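Reviewing the structure listed below.
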Amino acid sequence: METTNAKKYHEPLTPDNAALLLIDHQVGLFTGVRDIPVGELTHNVVGLAKAARVLGVPTIVTATSPEMWGPTIAELTQALPGIPIINRTTVNAFDEPRFAQAVEATGRKKLIIAGVSTEVCLALPAIHATGIGYDAYGVIDASGTFSETKRITGLLRMVQAGVVVIDYCTVAVEMLKDNASPKAVDLYAALDMPFAGLVGQLAGAFGKSRAA
């Protein structure tokens, strides 16, 4: 019989069991990111947010002390037009009751989480979520931090606590499940994977050659 912990790792993500939490992707915090190029981080978190919209996955955005760390990056708010941002002062997003209530209101068991910084804004809520019975997925390449040491310690602490470590593309493709889905084209466009355009061109050319 599978243990509860094993089931967490084996049960796939779906648009019906998952919610996306984007924590503190703020202008001021982005200026300190050193473990991933800021342009790549922006690209990845925006792609993740757009993919969630394509799939109909509920998304919660929060910012900590924006008067100190600045507003949420414009690229993300543009990708999620009209979405409310929960401003808070707490270090762990789950210590803000409005955030915790918003997560509970989604009714989803699996939480896809990205944040800046990795070892605090991502790790602390992910570890907390795991502790209270959610399955937490830490999206590493849609998160960033201020040194390699912080990145490594954050990753280790999450893995030790049972958080599933994942990347932004895999999250979305796992939820898509089938490339024959009518949402597939929009999903891959949202992810904007560097090699996907070439793959699509090759597939199109191959299809035409077979039809000739």
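A compact table of results
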quantity: About the Cα centre, charge dipole magnitude for the chain (Lys/Arg +1, Asp/Glu -1 at Cβ), debye; calculated: 360 debye
quantity: Read-out Cα Rg over 2.2 N^0.38 Å, derived from the coordinates shown; its label in (1) 1.04; (2) 1.15; (3) 1.51; calculated: (1)
quantity: Value of [θ]222 nm, deg cm²/dmol, for the chain, DSSP H segments ≥ 4, -39500 (n - 2.57) each, nearest 500; calculated: -14500 deg cm²/dmol
quantity: For the stretch 16-56: accessible area per residue (Å², 1.4 Å); calculated: 33 Å²
quantity: Filter on Lys50/Lys150; Lys110/Lys177; Lys50/Lys110 - keep pairs with C-alpha separation over 25 Å; calculated: Lys50/Lys150
quantity: Dipole of the chain, positive end: most advanced residue of Val185, Ile60, Gly82 [Cβ charges, Cα centre]; calculated: Val185
quantity: Prolate/oblate/rounded label for the stretch 52-142 (Cα gyration tensor, a/c 1.5); calculated: rounded
quantity: Burial ranking of peptide ranges 165-172, 176-183, 10-17 (average Cβ count within 10 Å, highest at the top); calculated: 165-172, 10-17, 176-183
quantity: Contour minus Cα-Cα distance for Glu67 and Ala105 (0.36 nm per residue); calculated: 10.9 nm
quantity: Portion, in percent, of the accessible area of the chain that falls on carbon or sulfur, probe 1.4 Å; calculated: 60 percent
quantity: For peptides 127-135, 80-88, 59-67, sequence by mean Cβ density within 10 Å, most packed first; calculated: 59-67, 127-135, 80-88
quantity: Rounded if a/c under 1.5, otherwise prolate or oblate - the stretch 98-183, Cα gyration tensor axes; calculated: oblate
quantity: Within straight-line cross-link reach of Lys109, aspartates and glutamates at Cα separation under 13 Å, skipping those fewer than 8 residues along the same chain; calculated: Glu11, Asp16, Asp135
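The values are calculated or read from the model by the stated rules, or taken from the named source; none is laboratory data. Everything numeric in this text was worked out from a predicted model, so none of it was measured. Neighbour counts are summed over all protein chains in view; Cβ atoms, including those assigned to glycine, are modelled from backbone coordinates with ideal geometry. The protein model used for the area step is the full one, side chains on, heavy atoms only, and it has no ligands, DNA or RNA in it. Shrake-Rupley method; radii C 1.70, N 1.55, O 1.52, S 1.80 Å.
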